[in-house]
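Report on the following structure.
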Amino acid sequence: MALAQFNALPYEQQLALVYAEGAYIATRWQEVYEAVLLYQLPSGFFAELTYDTETNEVQYLVAFEAGGENDRLPDYAMFVKLPGWLPEVD
C-alpha cells in the first residue's frame, strides 16, 4: 500500500494497519507525558503515533516518507546510540 492510499483510509483503519503491519522502530519524547512512537510500514513509509502516557491513548497519527518534505526521521537522530567500536567521524 502506498502512502497516498494509506492517507485515504479512515483514521481507525490507519491506526489498525500501523499496529497490524508496522514495525516499531523508536520512541522520542515530545512533552513530559507525550511519547511519539515511530513505525515503518511494509511498503517503506513511516507512521508516528503520538501517545499520551497519562490518558493511555493515541492522540494522533502522522504518516510520511523518508526524504520527503514532511520527513520526520531527523527528529530521531539524537536518540540513536552507535556501538562504541565504530570509529569517530569529524
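The values are calculated or read from the model by the stated rules, or taken from the named source; none is laboratory data. Everything numeric in this text was worked out from a predicted model, so none of it was measured. Here Cβ is always computed from backbone atoms with ideal geometry, including for glycine, and neighbour counts include all displayed protein chains.
Quick notes on this structure:
- Residue pairs whose Cβ atoms lie under 8 Å apart, sitting 6 or more positions apart in sequence or on different chains, and linking a residue in the range 42-69 that is touching a residue at least 60 places away in the same chain (Cβ under 8 Å) to a partner that is in a strand (DSSP E or B) and acidic (Asp, Glu), are Ala63/Glu48; Phe64/Glu48.
- Answer residue from the range 41-54, given it is part of a strand (DSSP E or B) and either of a type in the set (Asp, Glu) or under 8 Å from the mean Cα position of the chain (by Cα) (or both) and is farthest from Ala77 (Cα to Cα) among those: Asp52
- Selection count, the range 8-40, where residues are part of a loop (DSSP other than H, G, I, E, B), at pLDDT below 95 and among the aliphatic types (A, V, I, L, M): 1
- The range 13-31, residues that are closer than 13 Å to Leu3 by Cβ and in contact (Cβ under 8 Å) with a residue 40 or more places away in the chain: Gln14, Val18
- Identity of the residue in the range 20-39, closer than 19 Å to Pro10 by Cα and not small (Gly, Ala, Ser), that ends up nearest to the chain's Cα centre (by Cα): Tyr39
- The range 32-83, residues that are among the hydrophobic types (A, V, I, L, M, F, W, C), surrounded by 13 or more Cβ atoms within 10 Å (Cβ to Cβ) and more than 25 Å from Gln5 (Cα to Cα): Ala35
- The range 8-24: number of residues that are over 18 Å from Asn56 (Cα atoms) and surrounded by 13 or more Cβ atoms within 10 Å (Cβ to Cβ): 5
- The number of residues in the range 55-69 that are of a type in the set (Ser, Thr, Tyr) and assigned to a strand (DSSP E or B) comes to 1.
- Scanning the range 1-51 for residues that are small (Gly, Ala, Ser) and more than 17 Å from Asn70 (Cβ to Cβ) yields Ala16, Ala20, Gly22, Ala23, Ala26, Ala35.
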